[in-house]
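**Q** If you scroll down you'll find the structure; I have some questions about it.
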Amino acid sequence: MNDPCRDCPCAEGGGAGRASSRAAPPAAGRNRRGFLFGIGTALMGVGGVLVAIPVVGTLFAPARRSNPNRWTDLGPVEQFPEGTTRLAKFTNPEHAPTDGETSRDACWVRSMGEGKFQVFAVNCAHLGCPVRWFEQSRLFMCPCHGGVYYEDGSRASGPPPRGLFTYGWRVVSGRLEIEAGRLPGLQEGT
């Protein structure tokens, strides 16, 4: 017998009204959709990891580095005679090779005699302008807004809210060292 539906693509030789024994092949769009969904999911995962790296680094950075300050040599104690205030320059211990001249920093060293010193940051406590020492008047003065400090670093007049910021210091084997790295400021409270 000749079945007219034998060559019909809808029945695949099963005739009209009969169910096919084989499953229909997957549509071409469905394979592409699955592939693109997989690619999209992978890209979103990579993007999530890239966003998470700096966030996790920021959260754990304080635990990794508790104190950025290190003892830094200013030179022999003889460079700072008793009763004088001198500018001392040093390289910030937290510098990178690409910092160049910006890694150089300075401080004012006041020698009070008997191995005692006061070491001041060169920055005004008002807005951070560099202060200058005037030997004749024995005052530190800020050229930006007229801040004035006594020789012990305390505030004399002008807009600064407090005295000059200080560095911790020590004498080791006849050399003056300061605890440098991070600039003294309001965060340190010194």
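The values are calculated or read from the model by the stated rules, or taken from the named source; none is laboratory data. Everything numeric here is computed off the predicted structure, so don't read it as measured data. When we count neighbours, we look across all protein chains shown, and the Cβ atoms used for this are built from the backbone with ideal geometry, even at glycine.
**Q** Going through region 77-92 one residue at a time, which ones are over 20 Å from S173 (Cα atoms) and touching a residue at least 60 places away in the same chain (Cβ under 8 Å)?
**A** Of everything in region 77-92, those that are over 20 Å from S173 (Cα atoms) and touching a residue at least 60 places away in the same chain (Cβ under 8 Å) turn out to be T85, N92.
**Q** Considering every residue within region 111-120, establish whether at least one is among the charged types (D, E, K, R), out of contact with any Ser or Thr (no Cβ under 6 Å at 6 or more places or on another chain) and surrounded by 14 or more Cβ atoms within 10 Å (Cβ to Cβ).
**A** No, that holds for no residue.
**Q** From the set of residues in region 65-81 that are at pLDDT below 90 and of a type in the set (D, E, K, R), which is surrounded by the fewest Cβ atoms within 10 Å (Cβ to Cβ)?
**A** Here the residue is R65.
**Q** Out of the residues in region 127-184 that are touching a His at 6+ places or on another chain (Cβ under 8 Å) and under 21 Å from D105 (Cβ atoms), state the one that is modelled with the lowest pLDDT.
**A** First, the residues of region 127-184 that are touching a His at 6+ places or on another chain (Cβ under 8 Å): 127, 129, 142, 144-145, 147, 158-161.
Those still in the list that are under 21 Å from D105 (Cβ atoms) too: 127, 129, 142, 144, 147, 160.
Values: L127: 84, C129: 88, C142: 92, C144: 88, G147: 91, P160: 88.
Among those that are touching a His at 6+ places or on another chain (Cβ under 8 Å) and under 21 Å from D105 (Cβ atoms), it is L127.
**Q** Can you tell me which residue is farthest from the chain's Cα centre (by Cα) among those in region 83-101 that are assigned to a loop (DSSP other than H, G, I, E, B) and either at pLDDT 90 or above or not charged (D, E, K, R) (or both)? Quick ask: steps written out before the conclusion?
**A** Taking region 83-101 as the starting set, the residues that turn out to be assigned to a loop (DSSP other than H, G, I, E, B) are 83-84, 92-96.
Those still in the list that are either at pLDDT 90 or above or not charged (D, E, K, R) (or both) too: 83-84, 92-93, 95-96.
On the way: G83: 39, T84: 36, N92: 15, P93: 15, H95: 12, A96: 12 Å.
Result: G83.
**Q** Are any residues in region 96-105 among the small types (G, A, S) and surrounded by 13 or more Cβ atoms within 10 Å (Cβ to Cβ), and if so, which ones? It would help to see each step written out before you state the result.
**A** Quick first cut of region 96-105, residues among the small types (G, A, S) only: 96, 100, 103.
Listed by number, the list holds a single entry, S103.
**Q** Mind counting the residues in region 102-132 that are assigned to a strand (DSSP E or B) and within 18 Å of F90 (Cα to Cα)?
**A** Selection size over region 102-132: 16.
**Q** Looking only at region 126-175, how many residues end up being under 31 Å from the mean Cα position of the chain (by Cα), surrounded by 13 or more Cβ atoms within 10 Å (Cβ to Cβ), over 15 Å from T85 (Cα atoms) and aliphatic (A, V, I, L, M)?
**A** Qualifying residue count for the region: 1.
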